[in-house]
Number of protein chains: 2
Amino acid sequence: MPAFSKEEMLAQTLFVSAPGKVILHGEHAVVHGKAALAVAVNLRTFLKMAPRNDGKVSVELPNVGARLCWETSELQPLVVAFSADQTESQPPSPEQIEKLKEFAGFTNRAAATQSLATLAFLYLYLSIASKCGFMPSVDILVWSELPTGAGLGSSAAYSVCLAGALLSGCRVISYPLEEGQSVGRWPEEELAVINSWAFRGEQVIHGNPSGVDNAVGTRGGALRYQAGKICSLKSVPTLRILLTNTLVPRSTKVLVAGVKDKLMKFPAIMEPVLTSIDAISQECERVLEAMAARPSLEHYPVLEELIDVNQHLLSVVGVGHSSLDQVCQATASHGLHSKLTGAGGGGCAITLLRPDTAPSVVEAAIRDLSDCGFECWETDIGALGICAHSPQSLKAEVLKVFNGK
Amino acid sequence: MPAFSKEEMLAQTLFVSAPGKVILHGEHAVVHGKAALAVAVNLRTFLKMAPRNDGKVSVELPNVGARLCWETSELQPLVVAFSADQTESQPPSPEQIEKLKEFAGFTNRAAATQSLATLAFLYLYLSIASKCGFMPSVDILVWSELPTGAGLGSSAAYSVCLAGALLSGCRVISYPLEEGQSVGRWPEEELAVINSWAFRGEQVIHGNPSGVDNAVGTRGGALRYQAGKICSLKSVPTLRILLTNTLVPRSTKVLVAGVKDKLMKFPAIMEPVLTSIDAISQECERVLEAMAARPSLEHYPVLEELIDVNQHLLSVVGVGHSSLDQVCQATASHGLHSKLTGAGGGGCAITLLRPDTAPSVVEAAIRDLSDCGFECWETDIGALGICAHSPQSLKAEVLKVFNGK
């Protein structure tokens with residue numbers, strides 16, 4: 001296998017980005033067979049991939065403080081274990097992961113974000129190299145607006161960007177950015193390929209992920225997830241939100257177990273609560289589709305009421321937290337409606353903004369949330385999935401990272 | 001009919017008291033056919049009735065600032081309209097109420113607490129006089145620990161005391177206080193008579209009451225109310241509580257209508273919430289019966305969890321209020337669990353205390369609640385219903401009111 005083939009490798013520098021995700025409704029209920037609505041949040045992970053001529057592969061991940069560089073010749077002996085006869089739906093095998101850990105010098109217990117990001121890169125790089133028949137020599141830089149480990153799908157956005165860039169760079173799929181365009185999107189069938197590779201990256205990082213995060217990162221918009229089935233919503237509006245990270249650490253595992261305990265202890269009380277949450281997800285889906293078809297301010301009071309009601313129901317199942325109450329109270333004092341998103345017990349919350357919510361109101365809310373010690377971003381949900389960007393179209397903050405290299 | 005008959009009138013001064021009520025679980029859900037648990041709260045209304053020799057009837061109600069006095073001869077012509085051929089289950093007729101208003105000089109629109117209390121007294125006095133065949137000449141003084149108009153059953157406690165005292169004084173039923181006893185209780189069949197008369201007093205005051213408040217005031221303990229049926233719980237423990245009045249005014253009518261609106265707007269979301277609340281009432285009833293049978297501290301965490309869950313569910317149906325959140329937060333900071341009781345949207349809240357909750361904790365909680373501007377009482381639920389008291393057994397505060405006369 002040639003270390004680098006000018007003929008086969010895309011010569012240009014690629015810029016791609018993928019969004020994070022938030023759960024709009026249905027967190028926790030989804031564990032018990034109910035629907036969840038996951039939406040793309042426009043805090044994005046950006047990847048720059050530039051071809052090299054020296055047979056080296058470098059990866060720089062400033063968010064997790066990783067800077068890696070290998071000779072493609074070092075990586076070459078590993079490729080056989082990632083051979084192209086695997087179907088894309090096959091999960092990474094324990095033997096493959098073991099081999100990568102050994103190569104990278106990680107102990108079995110190493111599960112730090114940095115190590116997992118490295119393993120996912122190596123896995124995708126070697127698998128895609130095996131598939132396309134050569135070892136691309138590239139510089140990769142990945143930088144994200146998403147906080148890590150906050151349940152916002154940062155690992156999936158990373159895997160989606162890696163899959164998109166490597167598959168396009170190796171010409172397994174197209175690179176959709178045409179001359180003069182600022183943003184390009186892949187056709188549906190290529191998104192499916194990106195998604196299936198990104199899922200394998202997620203499997204390296206998380207073991208047994210649901211596939212929701214990579215689907216949202218790839219396709220954007222919103223999707224319904226229920227009983228293992230993922231279904232993209234046909235069309236959804238873009239909604240302004242505040243995303244607040246209370247920075248209160250929590251264990252998703254402990255929270256999920258707590259809900260299960262309550263459900264076992266008080267089934268007659270808790271089952272209907274899950275039924276009610278399920279109905280909220282359905283109602284919200286209906287409203288989002290109606291908004292996409294006919295945008296109107298009249299839908300906002302309904303969305304706000306669903307947010308309030310679900311926040312209380314999530315408190316019923318025991319995943320509320322005083323920090324989340326603070327978010328709700330602080331935003332309510334500005335006429336805004338908030339709920340936790342994801343695991344709860346701290347973590348993140350979303351606050352819906354209306355199209356006509358005044359900047360002064362948003363600023364005041366952000367100030368109050370910051371005064372509580374929370375991190376807060378103004379962003380959108382229903383954002384685009386993976387995109388290819390012209391360098392000119394990238395915002396200054398991203399360009400600074402990419403050029404500062 | 002003689003104005004006063006020494007032979008038939010009980011010669012002694014009577015002291016009776018009746019408790020208020022709080023809804024433990026099921027408020028609002030009860031409007032939609034679910035169960036509610038109402039319990040007697042040991043904030044009591046006290047009545048002193050002393051025979052007079054001058055053919056006068058006087059009523060003093062210091063809580064509402066009323067001081068009334070009539071000649072029985074003035075009242076005599078009214079009696080015919082309250083004749084004894086009525087069964088006790090017949091409600092006061094509009095004509096009867098009209099006659100009483102005219103007599104008392106109230107306009108049609110007069111609905112002030114004072115006027116309603118006067119009308120209820122006149123109604124019960126005349127009806128019982130008609131039944132027993134003479135006009136008792138008595139001094140009546142009623143004083144209550146219960147705030148008026150706070151949904152704590154103060155009007156029912158008043159009607160229960162009046163019915164108990166007048167029926168006993170006129171020897172329609174016994175006076176159960178035996179020589180040397182400090183507290184006496186009526187037998188079940190006489191409680192039924194008191195209750196049915198107290199209900200008519202409530203009808204004068206409220207028009208179309210449920211009958212729950214007078215049943216709790218008469219029988220004490222706890223009862224289940226569902227679809228118009230009232231069922232006393234066989235045995236319930238006495239539980240320590242804090243009762244907090246946020247003093248935030250609210251309209252029960254508006255709150256009930258708001259819940260109905262939500263139910264019509266989002267039936268699939270709200271129906272299960274009512275089902276869940278119903279299951280809480282059932283679970284609580286089960287726990288109370290288990291506690292009565294075998295008192296143990298182990299039941300308290302369950303009662304506390306039911307309180308927390310129901311408080312959140314009541315917020316879901318839209319009857320929460322920031323003042324109630326304050327109560328929950330202030331008491332939670334002392335490890336105590338609270339929920340609204342009654343209509344919500346302000347109004348009152350209950351906080352469960354354990355038998356072993358330290359006085360210092362209770363004092364600190366009361367201090368914090370008072371600092372919020374709330375009124376707060378430490379009391380019990382599951383209290384005794386209507387009682388006859390020896391004067392020696394009355395607490396100093398009550399004696400002071402009765403003797404200060």
What are the distances, in nm and sorted shortest first, from the label point of residue B:400 to the label points of the same position in each other copy, with each label point placed 7 Å from Cα along the Cα-to-Cβ direction? 7.0
For the rotation that superimposes chain B on chain A, which residue of B has the C-beta lying nearest to the axis, and at what distance in Å? B:272, 2
For the protein assembly as shown, what % of the accessible area comes from carbon and sulfur atoms, probe 1.4 Å? 52 percent
Which far-off residues, 5 or more places away or on another chain, put their amide H under 5 Å from the one on residue A:220, with H placed in the peptide plane? A:385, A:386
Using all C-alpha to C-alpha distances in segment B:110-233, build P(r) with 10 Å bins and read off the rounded percent in each one. 12, 44, 35, 8, 0
Would you mind getting me the FRET efficiency between residue A:54 and residue A:235? Use the beta-carbon distance for r and R0 = 35 Å, nearest 0.05. 0.15
Check each residue of segment B:259-276 and keep those whose accessible area, probe 1.4 Å, is at least 40 Å² smaller with all protein chains in place than in the chain alone; give them in order of residue number. B:266, B:269, B:272, B:276
Rounded to the nearest 0.05, FRET efficiency between residue A:329 and residue B:297 (Cβ-Cβ, R0 41 Å) equals 0.75
Tell me the distances, shortest first, between residue B:251 and the same position across the other copies, using label points 7 Å along Cα→Cβ, in nm to one decimal. 5.1
In Å², what does the accessible area per residue of chain A work out to with a 1.4 Å probe? 39 Å²
Could you please put B:98, A:363 in sequence from largest to smallest accessible area, using a 1.4 Å probe? A:363, B:98
For chain A, what Kirkwood radius comes out of the mean inverse Cα-Cα distance, in Å? 21.9 Å
Largest-first ranking of B:278, A:325 by accessible area, probe 1.4 Å, whole protein assembly kept, is A:325, B:278
Rounded to the nearest 100 Å², the accessible area hidden between B and A, summed over both chains at a 1.4 Å probe radius, is 1800 Å²
Return the distance in nm (one decimal) between the two label points of a simple spin-label model at residue B:247 and residue A:403, each offset 7 Å from Cα along Cα→Cβ. 6.3 nm
According to the Kirkwood expression over distinct Cα-Cα pairs, how big is the hydrodynamic radius of the protein assembly as shown, in Å? 30.7 Å
Of B:102, B:305, ordered by accessible area with the largest first and a 1.4 Å probe, the sequence is B:102, B:305
Can you tell me how segment B:239-381 classifies by the Cα gyration tensor, rounded, prolate or oblate, using a/c under 1.5 as the rounded cut? oblate
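The values are calculated or read from the model by the stated rules, or taken from the named source; none is laboratory data. Not measured: the values here are computed from a predicted model. Cβ coordinates were reconstructed from backbone atoms using ideal geometry, including for glycine residues, and neighbour counts include every protein chain displayed. The accessibility values were calculated without ligands, DNA or RNA, using every heavy atom of the protein model including side chains. Shrake-Rupley method; radii C 1.70, N 1.55, O 1.52, S 1.80 Å.
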